[in-house]
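The values are calculated or read from the model by the stated rules, or taken from the named source; none is laboratory data. Remember, it's a predicted structure, so these values are computed and weren't measured experimentally. Note that each Cβ is placed from the backbone with ideal geometry, even for glycine, and that neighbours are counted across all protein chains shown.
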Amino acid sequence: MMTTKPEFNNRPNDHIRFGFDSKTYEKPIKIDYWISRAPAVVGIIFTLGLEGGVRVLVIKRSKNMREEPLKFGAPSGYLDWDETGFEAITREVFEETSLYLPDYSPFLMYNNNKQPFYVQSDPTKDKNQNVSLTYVMVYNFKDSPDFFPEEIEKYTDRETAKVEWLNLNNFYNTDNREWAFNHDE
């Protein structure tokens, strides 16, 4: 039986307490807002069955992005309220590339039952100490290459400077790509 408290390396989460009186409610309102590590989602999306081999979906972040501008990475972002991790990555992929994954479900071979393939929680791997849920999806267009969503490579917006279906053989050619958030690991 342990008699002393073990040592942990954590730093407790900070919080902000708001309190105000309200004529609408009978009692004063108190709200605690906890400042804690954020869950992020990352989508690694592969396509098979196309001329030229396996491709992976990457984006180049726009110059408007506060963190890691003009660097390449997988579609990614933060988990919002009232959504699952898989719903979050579906939304982030759409927001950053215009690719709506449910439209391509007939070509889906693998998505790990909509669960994260990998969870990264090491605080030394990310300067913001985000907890990243990485989702992997594999689509096969061998029998229907005309349905491959190549047109998304024309998409840009405030967050995205470029969308690319990168040939996997070129993934580690770092001569012309600098990767955001360790997405090349």
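Here are the numbers for the structure shown:
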| item | result |
| --- | --- |
| Qualifying positions in the stretch 44-69 - on the phi > 0 side of the Ramachandran plot and of a type in the set (D, E, K, R) | E68 |
| Residues (touching a Ser or Thr at 6+ places or on another chain (Cβ under 9 Å) and either charged (D, E, K, R) or at pLDDT 95 or above (or both)) located in the stretch 16-44 | R37, V41, V42, G43, I44 |
| Residue count, the stretch 64-83 (criterion: more than 21 Å from E185 (Cα to Cα) and at pLDDT 95 or above) | 0 |
| Test: residue in the stretch 167-183 that is touching a Lys or Arg at 6+ places or on another chain (Cβ under 8 Å) and part of a strand (DSSP E or B) | yes |
| Test: residue in the stretch 157-170 that is modelled with pLDDT under 90 and under 15 Å from F72 (Cβ atoms) | yes |
| Residue in the stretch 135-150 that is among the aromatic types (F, W, Y), within 16 Å of the chain's Cα centre (by Cα) and surrounded by fewer than 17 Cβ atoms within 10 Å (Cβ to Cβ) present | no |
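So that you can scan it fast, the table gives a plain yes or no per residue for (1) touching a residue at least 40 places away in the same chain (Cβ under 8 Å); (2) under 26 Å from N176 (Cβ atoms):
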| position | (1), (2) |
| --- | --- |
| F8 | no, no |
| K30 | no, no |
| V42 | yes, yes |
| L48 | yes, yes |
| L57 | yes, yes |
| K60 | yes, yes |
| K63 | yes, yes |
| K71 | yes, yes |
| G77 | no, yes |
